[in-house]
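Structure first, then comments.
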Amino acid sequence: MVATAVGGSVELVREGITGHLVAPGSPVALADRLAAVLEDGAGAAAMGAAGRLVAGREYTMDGMIRANEALYERLWKAKGAQAH
């Protein structure tokens with residue numbers, strides 16, 4: 001995946017692992033990165049596989065529930081620490 005570093009793509013793309021981010025408003029950088037990915041089929045396949053793993057782990061209903069539970073637990077513990 002090649003995306004501009006804006007909005008949700010910053011959260012979704014792990015630079016060099018699941019894809020690449022380029023600065024917004026930089027068509028030359030975007031074209032260069034796309035060309036590099038197209039030239040490296042094995043690297044592109046590896047990033048695609050990594051992206052599928054991350055999506056399956058973090059962006060499924062179960063993954064989002066686990067993330068929310070972990071967040072609530074951290075907040076609860078932090079609140080408890082402040083009360084003492």
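Values in this text are rule-based calculations from the coordinates and carry no lab data. Keep in mind the model is a prediction, meaning the values are calculated, not measured. Note: ideal-geometry Cβ built from the backbone for every residue, glycine included; neighbour counts use all protein chains shown.
Condition check ((1) farther than 17 Å from SER9 by Cα; (2) of a type in the set (Phe, Trp, Tyr); (3) in a helix (DSSP H, G or I)) across all residues:
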{"residue": "ASP32", "(1), (2), (3)": "yes, no, yes"}
{"residue": "ALA35", "(1), (2), (3)": "yes, no, yes"}
{"residue": "LEU38", "(1), (2), (3)": "yes, no, yes"}
{"residue": "ALA42", "(1), (2), (3)": "yes, no, yes"}
{"residue": "ALA49", "(1), (2), (3)": "yes, no, yes"}
{"residue": "GLY56", "(1), (2), (3)": "no, no, yes"}
{"residue": "TYR72", "(1), (2), (3)": "yes, yes, yes"}
{"residue": "LEU75", "(1), (2), (3)": "yes, no, yes"}
{"residue": "ALA78", "(1), (2), (3)": "yes, no, yes"}
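For region 35-63: of the residues being more than 15 Å from ILE17 (Cα to Cα) and hydrophobic (A, V, I, L, M, F, W, C), which is surrounded by the fewest Cβ atoms within 10 Å (Cβ to Cβ)?
Ranking the candidates gives MET61 first.
The conditions are (1) under 14 Å from the mean Cα position of the chain (by Cα); (2) at negative phi, and GLY41 fails exactly one of them. Which is it?
Just one mismatch for GLY41, condition (1).
State all residues of region 18-30 that are surrounded by 12 or more Cβ atoms within 10 Å (Cβ to Cβ) and either hydrophobic (A, V, I, L, M, F, W, C) or assigned to a strand (DSSP E or B) (or both); if no residue qualifies, say none.
GLY19, HIS20, LEU21, VAL22, ALA29, LEU30
Report, ordered by the first and then the second residue, all pairs with beta carbons closer than 8 Å, sequence separation of six or more or different chains, a first member in region 58-84 that is free of Cβ contacts under 8 Å to residues at least 60 places away in the same chain, and a second member that is of a type in the set (Lys, Arg) and part of a helix (DSSP H, G or I).
Going by the 8 Å Cβ cut-off, the qualifying pairs are GLY63/ARG57.
Go through region 64-84 and count every residue that is more than 22 Å from LEU21 (Cβ to Cβ) and either of a type in the set (S, T, N, Q) or surrounded by 11 or more Cβ atoms within 10 Å (Cβ to Cβ) (or both).
4
Based on this model, can you work out whether GLY7 counts as free of Cβ contacts under 8 Å to residues at least 40 places away in the same chain, surrounded by 10 or more Cβ atoms within 10 Å (Cβ to Cβ), in a loop (DSSP other than H, G, I, E, B) and not charged (D, E, K, R)?
Yes, satisfied.
Hey, does region 60-78 have a residue that's under 20 Å from the mean Cα position of the chain (by Cα) and aromatic (Phe, Trp, Tyr)?
The answer is no, given that none of the residues of region 60-78 is under 20 Å from the mean Cα position of the chain (by Cα) and aromatic (Phe, Trp, Tyr).
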